[in-house]
Every structure is written in structure tokens, then in C-alpha cells.
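Chemist: Attaching a single structure in C-alpha cells format; questions to follow.
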Amino acid sequence: MRAQISPTPPVAAPAAPAARAWTRLLRAQAATARLLGASLHAEHGLSINDYEALDLLARADGRRLKRVDLARRLVLTPSGVTRLLEGLEEAGLVARASCPEDLRVTYAELTDAGARTLETASCGHVASIRALLEEHLSDDEIEELAELLGKLPGATNVEDRCPAGTEGFG
């Protein structure tokens, strides 16, 4: 009778650089979003999506966007953006506006209260982002990271939202 040799379990090959980068990007995004979201909510009662919606509306012509365009920019489903906007409307931060030329079109419009809330939240949120990144990266690495991520689909340039005379992130 022959001795049975059990096969050696295969050793996992190291992940390809692209797969490793993708995994790290996903994990870093999830972890940083949790940390920054908790801070934003504790200090201003806003979720990351609330903040992003207010910011997108503030940057839009007339401080308003079609709800479907807002959903696309936030990467939300139509029902997801409806739920998000319902909360912002109840808080008085966003108003629903119709289009006189096409009654099927509905806009989300930033209210004055929404603009004030965004301005108040922006500098603290940007400071939290800066503190988190500077805890782990040098200034040069942060700049390099911004440049690299800017090459990916969906990345946009984000302006400094802090009022003049305050330290911003940009």
C-alpha cells in the first residue's frame, strides 16, 4: 500500500496591484465616511448625504437642481433621493420647486436656512477631514492622493467652502 500524501493547500498569490488598490480604496472610504459622518451628525445633525446634497445645491445655478440630476450626482436611486430630500424639506433646508415650462419636472432648491446650515457645517467638516488625513498622511501625500483620485471617474474638484479669512482645505 502506498503512503497517501495530502496535497499542500494552494498558497494565495499576492493580490494584483489594481485589486489591492481597489480593496484599500473601498475600506478607506468606508472607514473615513463612518468617522466623518459621525462627527458631522454629532456637531450639525447632518448625514454625509445631507451635507453633499446641500453642497451640490449651493454650487448649482439658482441654488437648485432637478431631483433626478441630484440623485445621479449623489449616486442615489430616485427613491433614495426622495427619502433624503423629504428629511431636508422637513428641516426647512431644501424646498420643492416646480418648473413652469414642464410640470413633470421637480427641482430641489436650497433655502436660506439650508445655505446657513451648510456654511456653519462646512468649516467644521473640512477641519475634520483635514485632521483625519493629516493624522495619516503628509501634506505632499495628501496632494498626491487628491491628484490620483481626481483621475478616477466621478471625481470632481471641490472648492473651499470656508468663508474668507478662515483656514480651509483645498
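Chemist: Out of the residues in region 85-128 that are charged (D, E, K, R) and assigned to a helix (DSSP H, G or I), which is nearest to the chain's Cα centre (by Cα)?
Modeler: This residue is Glu119.
Chemist: Related question: Going through Thr120, Thr111 one at a time, which residue ends up being in contact with a Leu (Cβ under 9 Å, 6 or more places away or on another chain) and either within 16 Å of Leu54 (Cβ to Cβ) or not aliphatic (A, V, I, L, M) (or both)?
Modeler: The match here is Thr111.
Chemist: Can you confirm whether Leu56 is closer than 30 Å to His136 by Cβ, without any contact (Cβ under 8 Å) to a residue 24 or more places away in the chain and part of a helix (DSSP H, G or I)?
Modeler: Against the criterion (closer than 30 Å to His136 by Cβ, without any contact (Cβ under 8 Å) to a residue 24 or more places away in the chain and part of a helix (DSSP H, G or I)), Leu56 qualifies.
Chemist: While we're here: Residues in region 19-37 that are surrounded by 12 or more Cβ atoms within 10 Å (Cβ to Cβ) and among the β-branched types (Val, Ile, Thr): how many?
Modeler: 1
Chemist: Residues of region 45-75 being surrounded by fewer than 18 Cβ atoms within 10 Å (Cβ to Cβ) and small (Gly, Ala, Ser), which ones?
Modeler: Of everything in region 45-75, those that are surrounded by fewer than 18 Cβ atoms within 10 Å (Cβ to Cβ) and small (Gly, Ala, Ser) turn out to be Gly45, Ser47, Ala58, Gly62.
Chemist: Has region 76-97 got at least one residue that is farther than 21 Å from Gly154 by Cα, touching a residue at least 60 places away in the same chain (Cβ under 8 Å) and among the hydrophobic types (A, V, I, L, M, F, W, C)?
Modeler: No.
Chemist: Tell me the residue from Glu101, Glu89 that is surrounded by fewer than 18 Cβ atoms within 10 Å (Cβ to Cβ) and modelled with pLDDT of 95 or more, please.
Modeler: Answer to the check: Glu89.
The values are calculated or read from the model by the stated rules, or taken from the named source; none is laboratory data. Note that the coordinates shown come from a computational prediction; the quantities given were computed from them, not determined experimentally. No Cβ is skipped: glycine too gets one built from the backbone with ideal geometry, and neighbour counts run over all protein chains shown.
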